[in-house]
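Read the figures in this text as sums done on the coordinates, not as results from a lab. Note that the structure is predicted; figures quoted are calculated from it, not measured. Cβ placement follows ideal geometry from the backbone for every residue including glycine, while neighbour counts extend to all protein chains displayed.
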Amino acid sequence: MERRRVVVTGMGAVSPFGTGVGTLAESILGGRSGVRRVPALEHYEGLGSLVAAPVEGIDPKIIPRKHRRTMSPMSVYATLATEEAMRQARLDKEHCAGGDMGVAIGSSVGSTISTQQSYSDFFNFNSLEKMRSTGFFKIMNHSCAANVCHALGITGRVLAASSACSTSCQTVGYGAEMVAFGRQEIMICGGAEEYHPLITATFDIMNASSRGFNQHPERTPRPFDRDRDGVVCADGCGVVVLESLDSARRRGVPVLAEVAGFATVCDITNMVNPSTDYMEICIRKALEDAGLTPDRIDYINAHATGTDQGDRAESEAVGRVFGPRTPVSSLKGHMGHTMAASGALEIVAVIELMNRGCIPPTLNLENVAPDCAGIRHVTAVEFEETSCVLKNNFAFGGVNSSIILRRMDHD
């Protein structure tokens, strides 16, 4: 079967900076940090990390109650981001209902907030008195995808990947493959996450959360930096509209970027500690899928979360493939680690900044760590035209993903 070219025609974002792709891009270019000290974290005994980058100021009541009643915060984020992306792509109810549009939106787990609210009495007091019938629909692993479909009337395929930090890089890649091989004409792809103190606690007990900057939250995380000390957890949602190039041309909508290549592999060496070798394999497979050589990549948006082992392994892998020439940066310093949302949110930011002729820096990168040297780190906004970028996402369980995005001069 002939492989069709797949393009991005719409984008939406809910980030620690607020709603909208423009807000996200301006915050990154302005050097803003979405990280803050979270007072609620102080109530947990033994928790060393007191910082996070949660989304604030979202009013779920803008979504009609008949749909909102089965939504947790992350399903609200996913719906709002999808609506923004669909507006930009000029999609309406007719496109949603025809069966040619599908959804691939994932999350790390179902809603932890809703799990606690729905089942606390059941577990603590063996009581069903406070359980609500709508609770389960908020904690399903496919809750975001299902809620988006129901709220917007989308009747095509539904995919809800759940692969931690690789989730939404995979949903975009898998969605692109569905379009490329004619299984769907249009795919809504992305990932969502909602913040709960348990997320920070999970990283904290693994000694992987940032603890040293509780008094100066804007200075962490510090990807690739000598003084990096771990992850800062965050939430939000990123969504892209994918369709065939022929479809975009027929509809007369602007093309924001092309999905040129994608790869995902499993690093079987360790469930937690990443392998440079498997990162390199994933990157090279993405290049092969795109039919590109390393010298064709103008910028690399790294996964880099601010952990010792992860940043070191990724730096080594990038160095092996690209050497010291290609600009590299991570967006985790700006908005923390949005987990399942990180791939799509960062893809949205990269495409927006690529079309503005900008390469973003790694916020808080002041002294490049010796074990992260050998690649070209970006420490200030660079105004430079980029035509082709690589985006990496690497997850617990060894799920590695890389995607290549290409700017198009559409006619």
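Annotations
- Isotropically averaged projected area of the range 7-251, using the convex hull of Cα atoms (one quarter of hull area), nm²: 14.8
- Qualifying trypsin sites (Lys or Arg not before Pro) in the range 279-346, DSSP loop, other Cβ atoms within 10 Å at most 15: 325
- Non-local lysine pairs in the chain, meaning eight or more places apart or on different chains, with alpha-carbon distances under 27 Å, amount to 11.
- For the chain, built as a Gaussian network whose Cα springs stay under 10 Å, the top-fluctuating residue of 323, 46, 153: 46
- Counted residue by residue at 0.36 nm each, then reduced by the alpha carbon distance between them, the extension gain from residue 44 to residue 93 reaches 13.0 nm.
- Of all DSSP beta bridges in the chain, antiparallel share, percent nearest 5: 70
- Across the chain the C-alpha pair distances fall into 20 Å bins from zero in the proportions 30, 59, 11, 0 percent.
- Ranking of 196, 216, 334 by neighbouring Cβ atoms within 10 Å, starting from the fewest: 216, 196, 334.
- Whole-number percent relative contact order across the range 1-157, with pairs defined as alpha carbons under 8 Å at least 6 apart: 26
- Here the alpha carbons of the range 158-316 define both size measures, Rg and Dmax, at 18.0, 54 Å.
- Stretchable slack from residue 26 to residue 272, in nm (0.36 nm times residue separation minus alpha-carbon distance): 85.2 nm
- The simple spin-label model puts a point 7 Å past each Cα toward its Cβ; for residue 211 and residue 355 those points are separated by 4.4 nm.
- The residue 379 and residue 133 beta-carbon pair, evaluated with R₀ = 51 Å, returns a calculated FRET efficiency of approximately 0.45.
- Based on C-alpha pairs under 8 angstrom that are at least 6 apart in sequence, the chain has a relative contact order of 23 percent.
- Cut-off of 10 Å, at most 13 other beta carbons, DSSP loop: longest stretch of the chain lacking such GluC sites (Glu not before Pro): 130-365
- Relative contact order [Cα under 8 Å, 6+ residues apart], the range 260-406, whole percent: 37
- For the range 263-302 versus the range 339-383, the gap between their alpha-carbon centres in whole angstrom: 17
- Pairs of Cα atoms farther than 26 Å apart, the range 260-406, %: 14
- Ascending count of other beta-carbon atoms within 10 Å, so fewest first, for 265, 55, 35: 265, 55, 35
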